[in-house]
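For reference, the structure discussed in these notes is given below.
The values are calculated or read from the model by the stated rules, or taken from the named source; none is laboratory data. Bear in mind the structure is a predicted one, so any value in this text is a computation, not a measurement. As a convention, Cβ positions derive from the backbone with ideal geometry for all residues, glycine included, and neighbour counts pool all protein chains shown.
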Amino acid sequence: MKAFLVNPDVCNGCHNCQIVCKDEHCGNDWSPYAKPQPDTGQFWCKLEERVRGTVPLTRISYWPVIGAQDEALREYAPEILQDREDGIIVIDPEKAAGRKDVADKFEGVYWNERLQIPQGCTGCAHLLDNGWSVPRCVDACMTDALLWVDEADIPENAEKLSEGSHVYYVNFPKRFIGATVVDYAADEVVIGARVMLKDAQGAVVAQTETDDFGDFIFKQVDAASFTVEIAKDGYELQSIAVDTHDADVNLNYVDFKAVA
């Protein structure tokens with residue numbers, strides 16, 4: 001069984017995967033695997049973009065989203081799929097004629113109004129059956145953010161956006177907490193301050209130091225309640241309650257007071 005493995009941590013947002021999917025399928029009839037994808041309105045492979053944080057501490061995360069490769073589709077309408085030993089889900093354009101209910105039910109499956117068929121990612125089965133080792137989108141990924149692997153080799157910590165999906169994610173973006181630590185009385189940033197991140201029970205889950213710009217950031221933080229503690233000799237201990245349940249946390253400029 002084959003599957004997509006996505007690593008958003010190394011995705012640079014180039015959109016190559018999305019572009020080559022369009023290039024491969026728009027205007028090209030790959031029957032019996034797939035009919036042409038319309039020029040607009042369908043994204044069998046789509047690059048998602050999320051802007052996180054607030055100025056001046058922001059991050060942008062990218063990751064490809066691939067639809068139709070989900071066992072839920074096989075369970076719902078097995079009669080419209082092609083039989084394949086590699087487990088790739090391919091909607092047969094002839095068998096699926098008129099099945100708008102499939103496109104209505106599954107995100108990532110699109111209705112082609114002109115051809116009256118549901119359509120979605122085929123894993124580029126037409127290429128794999130003719131000598132290619134990977135789908136076109138994977139071949140175009142310059143950072144290996146998108147891989148084509150045996151499902152048995154998927155890392156144990158991988159996540160899926162839906163239970164039966166054949167698209168797995170590692171290093172999926174979590175929250176971040178960050179700030180700039182400033183000694184306003186001295187009109188200077190504070191370099192080398194020790195910063196600890198503690199969970200609701202008071203256990204230290206991460207620690208770092210402020211850099212040459214007085215900045216610190218904790219990445220890949222769970223959605224939870226925390227306390228940020230900032231300490232340095234000659235300064236008062238600073239404790240700040242933060243909550244990442246709803247969003248990333250930018251504490252902006254933290255006033256770090258020297259001991260009187």
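Taken over the stretch 242-260, the criterion of being farther than 27 Å from ASP187 by Cβ and either assigned by TED's automatic domain parsing to the domain that holds SER61 or in a strand (DSSP E or B) (or both) is satisfied by ASP243 alone. The single condition among (1) touching a helix residue (DSSP H, G or I) at 6+ places or on another chain (Cβ under 6 Å); (2) farther than 19 Å from ARG136 by Cβ; (3) without any contact (Cβ under 8 Å) to a residue 40 or more places away in the chain that PRO78 does not satisfy is (1). Determine whether the stretch 181-197 contains at least one residue that is closer than 20 Å to SER61 by Cα and either crowded, with 17+ Cβ neighbours inside 10 Å or in contact (Cβ under 8 Å) with a residue 60 or more places away in the chain (or both). No.
Filtering ASP39, ASP23 for residues that are in contact with a strand residue (DSSP E or B) (Cβ under 9 Å, 6 or more places away or on another chain), charged (D, E, K, R), under 27 Å from GLU94 (Cα atoms) and not in a strand (DSSP E or B) leaves a single hit, ASP39.
Look at the stretch 152-165: where a residue is farther than 14 Å from LYS2 by Cα and a partner is surrounded by 16 or more Cβ atoms within 10 Å (Cβ to Cβ) and of a type in the set (D, E, K, R), sitting 6+ places away or on another chain with Cβ atoms under 6 Å, you get SER162/ASP70.
When the residues of the stretch 103-118 are narrowed to those that are touching a residue at least 40 places away in the same chain (Cβ under 8 Å) and not hydrophobic (A, V, I, L, M, F, W, C), which ends up farthest from ASP29 (Cα to Cα)? Even if it seems obvious, please write down each step before you answer.
The first filter runs over the stretch 103-118 and keeps only residues touching a residue at least 40 places away in the same chain (Cβ under 8 Å), leaving 107-110, 112, 114-115, 117.
From what is left, the residues that are not hydrophobic (A, V, I, L, M, F, W, C) are 107-108, 110, 112, 114.
Values: GLU107: 23, GLY108: 20, TYR110: 17, ASN112: 14, ARG114: 14 Å.
That would be GLU107.
Where strands (runs of 3 or more DSSP E) fall entirely within the stretch 45-118, those with at least 3 residues that are in the same structural domain as ASP139 (by TED's automatic domain parsing) and loosely packed, with under 13 Cβ neighbours inside 10 Å are at 45-54.
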